[in-house]
Structures are given as structure tokens and as C-alpha cells.
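**Q** Starting off with a structure, shown below.
The values are calculated or read from the model by the stated rules, or taken from the named source; none is laboratory data. Keep in mind it's a predicted model, so treat the numbers as computed, not measured. FYI the Cβ positions are ideal-geometry reconstructions off the backbone, even for glycines, and counts take in every protein chain you see. Quick note on the areas: whole protein, heavy atoms, side chains included, nothing else; ligands and nucleic acids left out. Shrake-Rupley method; radii C 1.70, N 1.55, O 1.52, S 1.80 Å.
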Amino acid sequence: MSQWRRQTTDLEFRNVGDEPSMKVIKDCDVTMTLPNKITCKASMKAGQESDGLDEAGELQGDWIFETATQITTVELSPSGWQNFRVTYKAAHFKTNLVKLLPPSHWGITGKQLLELADQVVEQFTGDDENPNVYQVVEKLIKPLCLGAGVSYSALLNPKGLKCSTFVTHAWFESFLMFVEDLQGHFPDFETRVFWICFAANPQTWPHEELKNLLGPGALQSPFAIALQQCESFVVVRNTTRNIYSRLWCVAELVFARAFTDHSIQVIGRMPPRAAKFGDHIGLGAKCSDEDDRILLHATIQLTGLDANALVAKVVEAAAGSILRPGEAGF
């Protein structure tokens, strides 16, 4: 249970457990400006606590704020009007930040990826010095995010960052090679904002809660929403395994082609003699959740596109290729 307190002469802001609240230390007039531009005013008495607004917008009862950004500015009197900006750390909230931020803002910068890579180099040594993404998530990302209950991107960027580039990849790749491939491809890598699933989605949530976050349908999922709102789409292949043995990767490729006019940027190398199609590639790819597999298959078929043909184009493309809609049958 987290505990936090910050106090002025007139008001005390505190957090016990997951619920931040405000308590009046001495009589004062309070003006609060919320993110939705609604301003509420009230004269409050010493000892009073607040947790809500009545229909007229006045403070009432014990006010427990639901989100990390609920209060933006507080003005106090009679001890001279002053602005008091309240900043809550993400660690004081379990799920609210992820649920509040739109999927298009679940971004992480290239510089933040490099900083994570530095931690990987420091933490993984000996036989584990070149971990895959699964290992990095288990050893670094989950422990860092467990107390906050948020995604890694929300932990680093609690106000969110608008993503410009959607990254599709597979977790069995070398994490360090993944970062290196992205860095080598984008000249503005450090400032570019990426949507990457292991950072965007909360990795510590229970399975059912995560399924609820992902939505009732593939096209309502954070993946599909972010993909359509990003400016570019990049496929990061790897030499360990064909990424299109994972059905989510197949779906992301199909959705990018069906619902955006993005060119497909292809980086990274494929495994030697990687199959372009087969029982476990493309539409035959695996999915860790059977419900997801059924849903993704139905949605892919709904687009009317030949998923296997798209996969074959990406598999055989040279590293650094750009596959443009309408070119070479793509």
C-alpha cells in the first residue's frame, strides 16, 4: 500500500493506498481547475475532506480523486492567492493512467529504449548477456511496473506521448538487436516516439483484466487503434524465428494494409531459409490465447486481403525495403 503526503499552509494532499485525497488544514477558499477546463470553487472549513462535486459543481463530502491528473491547479486564500501545482507519480495509481490515456499516446522514445538497453546490459551477464524480449519483460519491466500497476510507457511518461511509429515484432528476438535495428534505421531515433507492445501494454495485469483492456474485438484493440493513428509502420524481423509464426504479427500487417495508407518499412534479417508460408506461418500462425486466435482469424478474413501473400512479401524483402501500397502487388 503506497502512502504519500504533501502539505501547504491551508491544504493537505495525500495518497493512502490507491486513492489520493485532499484535506483542509485551515479555513480557506479553494479554486480547482480540472483538465476538462471545469472550474469549481468553494469555501472550506478546517478538517473538511473532499471526494466529489455536486450537480452545481461545488465541492462536497470527502473528495477522492480518481486519476493522477485530476487536479492541475489549486489557488488558496486568505493567505494571499498562489498557484500550487500538484504532481502525482504514476506509482500511486494501479490502472488509471493506462485506462485514461488513448492507445495512440502509449509511446516510448528511442532515447528511453536506449536507457532500457543500458539496464539490460547491466543486469544480464554471462550466459544471459543477450536476452530476448520475454526475459527483459520478466526481469526488468515487470518488477519496475509492479508497484504502479501501469505499463512501462505510462511509468516513464504519465502524461502520455503521441506515437509516430507503430512497431511490429516478436518477443523471441534479441532485445539488444531489436533496439539496434531501430536505431540504425531511423536518423531521429532518440526523439522518435514508438508504439511497442511490451512497453505500451501493462505487463503485470491479470489475464482477464488485460483481455478487458484489449477490448471486445480486434479492431477495437489498442493495437489497431494506435496503428491507424500512427504516421508510419515498421516491421522488425529477427534471425531467431519468423515473426509471422505469431498471429498478432500477421494481423498487424494485414490491418496496416487494410486500414491505413502506410508504406511498410522492413528492417532486420530473417532466419536462414525462413518459410514464406506453411502450417505455422501466416494464417497458420499460433496465438497464446485461443479466443484471440479465433477473433483475429475472423477479422483478417473480414478485410478480404490475402494474408499469406502479404506475409510472403515481407519475408522475402531485403532489409531496409519499403513496401508501398499498390506496388508489386502489395
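**Q** Take the cross-link list LYS211/LYS286; LYS142/LYS276; LYS111/LYS162; LYS286/LYS313 and give me the ones stretching past 23 Å between alpha-carbons.
**A** The answer is LYS142/LYS276.
**Q** So what are the ³J(HN,Hα) numbers for the stretch 170-186, from phi and the Karplus equation (6.51, -1.76, 1.60; θ = phi - 60°), rounded to whole Hz, Gly and Pro as x?
**A** 10, 6, 7, 7, 5, 4, 5, 5, 4, 5, 4, 5, 5, 4, x, 8, 10
**Q** Also, quick follow-up: Could you please put LEU116, LEU323 in sequence from largest to smallest accessible area, using a 1.4 Å probe?
**A** From most accessible down to least: LEU323, LEU116.
**Q** Apply the Karplus parameterisation 6.51 cos²θ - 1.76 cosθ + 1.60, with θ equal to phi minus 60°, to every residue of the stretch 196-206 and state each ³J(HN,Hα) to the nearest whole Hz, in sequence, with x for glycine and proline.
**A** Here the 3J(HN,Hα) series is 10, 4, 5, 8, 6, 8, x, 8, 9, 6, x Hz.
**Q** For the stretch 89-242, build the charge dipole from Cβ charges (+1 Lys, Arg; -1 Asp, Glu) around the Cα centre, then report which of PRO143, PHE172, LEU214 sits farthest towards its positive end.
**A** LEU214
**Q** Moving to a separate point now. Assigning unit charges at the beta carbon (Lys, Arg +1; Asp, Glu -1) and nothing else, what dipole magnitude in debye, to the nearest 20, does the stretch 156-207 show about its Cα centre?
**A** 320 debye
**Q** Grab the Cα-Cα distance for GLU129 and ASN212, subtract it from 0.36 nm times how many residues apart they are, and report the gain in nm with one decimal.
**A** Length gained between GLU129 and ASN212: 26.4 nm.
**Q** Shifting gears a bit: In the stretch 178-316, how does Rg compare with the Kirkwood Rh, expressed as the Rg/Rh ratio over alpha carbon atoms?
**A** 0.94
**Q** Hey, another quick one. Quick check on the stretch 148-302: of the DSSP beta bridges with both residues there, what percent are antiparallel, nearest 5%?
**A** Around 10 percent antiparallel, to the nearest 5.
**Q** I've got another one for you. Please work out the Cα center distance from the stretch 245-266 to the stretch 197-237, rounded to the nearest Å.
**A** Taking the Cα centre of the stretch 197-237 as reference, the centre of the stretch 245-266 is 13 Å away.
**Q** Counting Lys and Arg as +1 and Asp and Glu as -1, what is the net charge of the other residues whose Cβ lies under 12 Å from the Cβ of PHE198?
**A** Once positives and negatives cancel, what remains is -1.
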